[in-house]
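The numbers here are math on the coordinates, done by the rules we state, and not lab data. Model, not experiment: these values are computed from the prediction. Neighbour counts run over all protein chains shown; Cβ positions are idealised from the backbone, glycine included.
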Amino acid sequence: MTEKEYDHSCCRCRDRNLGLLELVAIALGGMVGGGIFTVLGISVGLIGALTPVAIIIGGLIAAFAAYSYIKLGVYFKDEGATYSFYKKTFPGSPFAASLIGWYVIFGYISTLALYAYTFASYALSASAYNEVEWIRKLVAIGIISLFALINVWSVKGMGKIEDLMVYTKLILLFIISVMLMMNSTTSMPTLIQDVEQIHLFNVLIVASLTFVAYEGFQLVINAVNEMEQPEKNIPRAIYAAIALAIAIYVVISLGAILAIPIEDIVKNKEFALASGARDVLGNWASNLVIIGAVLATSSAISGTVFGASRQMSVISHDGYFPAALAKRNRSIPANAIITMAATASILIMIGGLRLILEFGSITFLVVSLLMAYANIVIRDKTRSSLAVCLASLLSLLGGTVFIFYYEFTHNLGQMIFILSLYILLALGAYVYARVNRQHIQRQREL
């Protein structure tokens, strides 16, 4: 048995601390976070009352993407997830494995930054500091640091805290959304009349932009070594979480567009729901939304740190990140957790909200597209339907094309910046793949 095989085998001897409820909580924690609150304002600004339609389409794209993740996850049972699936499907391509590893980890880092930024926006929305950018960024960095420490502390502790935050936030957001709909100042038919000029093309672009709000379902697979009955719980947790996320997003968006003027949602996009609830229902409703948003973004940060750090540790163990990031204590990859938190904090300091959102959406669309391709290649082993695999591939390819078209036509400078980031990540992946190949060759010579 080789060292790498032994490492993964030993991982399976750990205590199985996470049941179905915790796994659904991890997935929902990664999905119902900063994504929906940020996407809501941007989506309404582009397609108005058709936002719920785009959210449903985005959810269907996520469900197609999840099919390949689930099939590969049940077949490989590897906490390295996206990276490990690609590496094992194409064992002769070290650069490809390194590249997808770098892309997916930095995609997770961008979503960490997004969730933390949105947390700070809502946490400060009722204070005198809500327009002070440096304070907002400081609060965002602080909340990332807090949940990094919680994840370093205990897997079991993280799971129970995640349960509490996720299911509490769902109840709060559902209550406030229903109350907004009950106090609506307009009707859906009236709103639809105002958006007759909106093209289906724009709805599909927004659906692609919303993909980042669903990407958290992959985090379930990162917990394969800490879960009970992975063959049953991986598909159950992921499909249940996506269905719940679609329902929650639709209810939230309907409550917002029926009760809050469109122009107010666009103007206050970072904390539109809290601002609108205050105007419609009063300060108590705004405070309830703020609590729900804070819980939502907190659980998203915690779940993302948990899953992505384990994937980073696996990639490091294989030599495609610094070796120190592979080290674990009590099965917890503390160095990887701290590194992810620090890198996300740097991104918060240098990046804007929209840039972070769109970089995350593009990254996870591209990575999910590659997962669909990998599943097609070994579909006989994963027992996958070719028709579903092709539908997944085409929907993800379409989403990627739509979002690149949007960037090209609306913000060419930002598109160039994002492409530059991808080039830098590719260079880092190439360097580590080359060093790793040379190391393997030396080992063989000895």
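Here are the numbers for this structure:
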{"read-out": "Cut-off under 5 Å, modelled amide H: who pairs with L18 long-range", "value": "M227, E228"}
{"read-out": "The stretch 18-440 - convex hull of alpha carbons, volume per residue in Å³", "value": "124 Å³"}
{"read-out": "Neighbour-count order for M349, M179, M371, fewest beta carbons within 10 angstrom listed first", "value": "M349, M179, M371"}
{"read-out": "Residue-wise HN-Hα coupling along the stretch 369-384, computed from phi with Karplus coefficients 6.51, -1.76, 1.60 (Hz; x: Gly, Pro)", "value": "4, 5, 5, 4, 5, 4, 5, 4, 4, 10, 4, 5, 6, 8, 6, 9"}
{"read-out": "Taking the stretch 18-440 and dividing mean pair separation by its residue count, relative contact order in percent (alpha carbons under 8 Å, at least six apart)", "value": "35 percent"}
{"read-out": "Rounded to 10°, Cα long-axis angle of helix 334-350 versus longest principal axis of the chain", "value": "40 degrees"}
{"read-out": "Per-residue ³J(HN,Hα) for the stretch 311-325, Karplus 6.51 cos²θ - 1.76 cosθ + 1.60, θ = phi - 60°, Hz, x for Gly and Pro", "value": "5, 4, 5, 5, 4, 5, 4, 7, x, 9, 9, x, 4, 4, 6"}
{"read-out": "Isotropic mean projected area of the C-alpha convex hull, the stretch 24-120 (nm²)", "value": "7.5 nm²"}
{"read-out": "For I332, distant residues with modelled amide H under 5 Å away", "value": "none"}
